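Heads up, the thing below is written out as structure tokens.
The values are calculated or read from the model by the stated rules, or taken from the named source; none is laboratory data. None of these values were measured; they are calculated from a predicted model. Note that we place each Cβ from the backbone using ideal geometry, even for glycine, and neighbour counts take in every protein chain shown. For the accessible areas, the whole protein counts, side chains as well, though only heavy atoms, and no ligand, DNA or RNA atoms are used. Shrake-Rupley method; radii C 1.70, N 1.55, O 1.52, S 1.80 Å.
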Protein chains: 2
Amino acid sequence: MAEPRVSLITLGSRDLEKSRRFYVDGFGWKPVFENDEIIFYQLNGLILSTFADTSLQADMARGELLRPGAFALAHNVRAESEVKALMNDLVAAGGRVLRPADAPPIGGLRGYVADPDDHAWEIAYNPAFSIDDDGNIVFGT
Amino acid sequence: MAEPRVSLITLGSRDLEKSRRFYVDGFGWKPVFENDEIIFYQLNGLILSTFADTSLQADMARGELLRPGAFALAHNVRAESEVKALMNDLVAAGGRVLRPADAPPIGGLRGYVADPDDHAWEIAYNPAFSIDDDGNIVFGT
């Protein structure tokens, strides 16, 4: 039985400079390490990395990577007013709106923006989940 | 500027029952909520969900989702001996080895297993990153 955690999320990138602009200028996150092949960002207890597609493919020992992939990442914000503001920042930094912000069935507000590598980010205000001081959430609290 | 965090990781699934077996019997994780369309698992300060592909596609307002996607998730373990043991558990629960465990350039040990929906999990022992009691990691410490 493994402890319930994810340690890193690695996103394949076809153009690390464009990707960097999205995460650094759009989200406002600061790399903790970077070179020509990979960039790391420290998140809430886990690390996000953007890694050249060809390198990721070789590391995973698998064939061509396809887009759009069957996954999404969500970034929850603390106030409803932050949703559209952050989506605008992400678009200004090279993101593309997939779904403009609207209310999901559970309430709150959310929209989706694809990063320059076509990876989907949901930007959400979900009043059912509180966010602690460290940015962590626990289901249904 | 957004706080540096990811709140949810959503993985598209074509067969939630098969996916459930991989996460529950393979990783040993316990759903905190489930219905016919979605299953949630509480991880280290964020939530993992497996969501029917068609529902995820509709929620993101995008076209057909393709595999393999250009991303990987990593689960770091506390001891080198845990890498192969966990990979074996995941394969027994419906996973497929993409890359057998070997030493990456940075040292340690890691391999890749695809879940039943072809999402790649790296199972890694990385002596350069320590894991705290809550399962969190901080880059390079």
On the basis of being within 8 Å of another protein chain (Cβ to nearest Cβ), touching an Asp or Glu at 6+ places or on another chain (Cβ under 8 Å) and either under 19 Å from residue B:27 (Cβ atoms) or open to solvent by less than 20 Å² (accessible area, probe 1.4 Å) (or both), does residue B:125 make the cut? no
Filter the stretch A:84-105 down to residues that are more than 12 Å from residue A:22 (Cβ to Cβ) and away from every other protein chain (no Cβ under 11 Å) and give me whichever is least open to solvent (accessible area, probe 1.4 Å). A:101
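Which of the strands (runs of 3 or more DSSP E) contained wholly in the stretch B:22-141 include at least 1 residues that are β-branched (Val, Ile, Thr)? Outline the logic, then answer.
Values: elements: B:31-34, B:38-42, B:47-52, B:71-76, B:96-102, B:109-114, B:120-125.
Passing ranges, in order: B:31-34, B:38-42, B:47-52, B:96-102, B:109-114, B:120-125.
Tally up the residues in the stretch A:39-54 that are under 22 Å from residue A:77 (Cβ atoms) and open to solvent by 20 Å² or more (accessible area, probe 1.4 Å), please.
Residues of the stretch A:39-54 under 22 Å from residue A:77 (Cβ atoms): A:41-48, A:50.
Then drop every residue that is not open to solvent by 20 Å² or more (accessible area, probe 1.4 Å), which leaves A:42.
The qualifying residues number 1.
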Take the stretch A:106-120 and flag every residue that is more than 9 Å from chain B (Cβ to nearest Cβ) and within 12 Å of the chain's Cα centre (by Cα). A:113, A:115, A:116
Where a residue in the stretch B:54-75 is more than 7 Å from chain A (Cβ to nearest Cβ) and its partner, wherever it lies, is outside any helix (DSSP H, G or I) and open to solvent by less than 30 Å² (accessible area, probe 1.4 Å), with Cβ under 7 Å and at least six apart: B:57/B:65
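Name the residue that is most open to solvent (accessible area, probe 1.4 Å), counting only residues in the stretch A:22-38 that are more than 9 Å from every other protein chain (Cβ to nearest Cβ) and within 19 Å of residue A:75 (Cα to Cα).
Narrowing the stretch A:22-38 to residues more than 9 Å from every other protein chain (Cβ to nearest Cβ): A:22-25, A:31, A:34-38.
Add one more test, that the residue is within 19 Å of residue A:75 (Cα to Cα), and what stays is A:22-25, A:31.
Numbers: A:22: 0, A:23: 0, A:24: 37, A:25: 103, A:31: 28 Å².
Here the residue is A:25.
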